Amino acid sequence: MAGNNFDLQSTKRIVAAVKKVEAMPTDYTGSPNPSVPPGTTFWAQLTGVSGNGYSWKKMRIVNGVLVPMDPIIEDTSFTAREANGGGATTGENVLLTFVGYDTTQPGNPPAYIFTAGGSLPEGQYQNMFFGQISDNQTGFNFVPFHAMA
């Protein structure tokens, strides 16, 4: 059995230091506080627009129909961004996808993207994924990724 070279006084100091560190509260100041777990995709109804952002209300499917969550879960800080220029409108139901945290906004709120399907032409634009590549201070920049056939 391996021993150590600590005398009794050194051992007591080490134990006291470990207890002190373990008793320290964890400081989460500045850490993202997600309202929805990362990697989540969910249905939402757009409730407002401001600049490039949309506010939304989380929806669920009941008997094949989208209805508001109960209790209502609503984001009013315009965290959703349209990725394809499809002409989203207030009241439209969209599939939101979590893409990260918006570090340009106070509190680093979660950011979501969606594609508006109402005015998309048929063909190459269907089933297209848009990835955020930068934030140009007036909105997010996205690049399209086409599915391989």
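The values are calculated or read from the model by the stated rules, or taken from the named source; none is laboratory data. On a predicted model such as this, the values are computed, not experimentally measured, just so you know. Cβ placement follows ideal geometry from the backbone for every residue including glycine, while neighbour counts extend to all protein chains displayed.
Among the criteria (1) over 14 Å from the mean Cα position of the chain (by Cα); (2) surrounded by 14 or more Cβ atoms within 10 Å (Cβ to Cβ), the one Thr76 does not fulfil is (2).
Okay, residues lined up against (1) over 21 Å from Phe114 (Cβ atoms); (2) in a strand (DSSP E or B); (3) modelled with pLDDT under 80:
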position: Tyr28; (1), (2), (3): yes, no, yes
position: Thr47; (1), (2), (3): no, yes, no
position: Tyr54; (1), (2), (3): no, yes, no
position: Thr79; (1), (2), (3): no, yes, no
position: Gly91; (1), (2), (3): no, no, no
position: Leu96; (1), (2), (3): no, yes, no
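Within region 99-120, is there a residue that is exposed (fewer than 15 other Cβ atoms within 10 Å of the Cβ), more than 30 Å from Thr29 (Cβ to Cβ) and at pLDDT below 85? Yes, region 99-120 contains a residue that is exposed (fewer than 15 other Cβ atoms within 10 Å of the Cβ), more than 30 Å from Thr29 (Cβ to Cβ) and at pLDDT below 85. For Gly91, state whether it is of a type outside the set (Phe, Trp, Tyr) and in contact (Cβ under 8 Å) with a residue 60 or more places away in the chain. Taking the combined requirement at face value, the residue does not satisfy it. The set of residues in region 54-107 that are under 10 Å from Ala44 (Cα atoms), of a type in the set (A, V, I, L, M, F, W, C) and in contact with an Asp or Glu (Cβ under 8 Å, 6 or more places away or on another chain) contains only Trp56. Taking Asn127, is it modelled with pLDDT of 85 or more, at positive phi and surrounded by fewer than 11 Cβ atoms within 10 Å (Cβ to Cβ)? Against the criterion (modelled with pLDDT of 85 or more, at positive phi and surrounded by fewer than 11 Cβ atoms within 10 Å (Cβ to Cβ)), Asn127 does not qualify.
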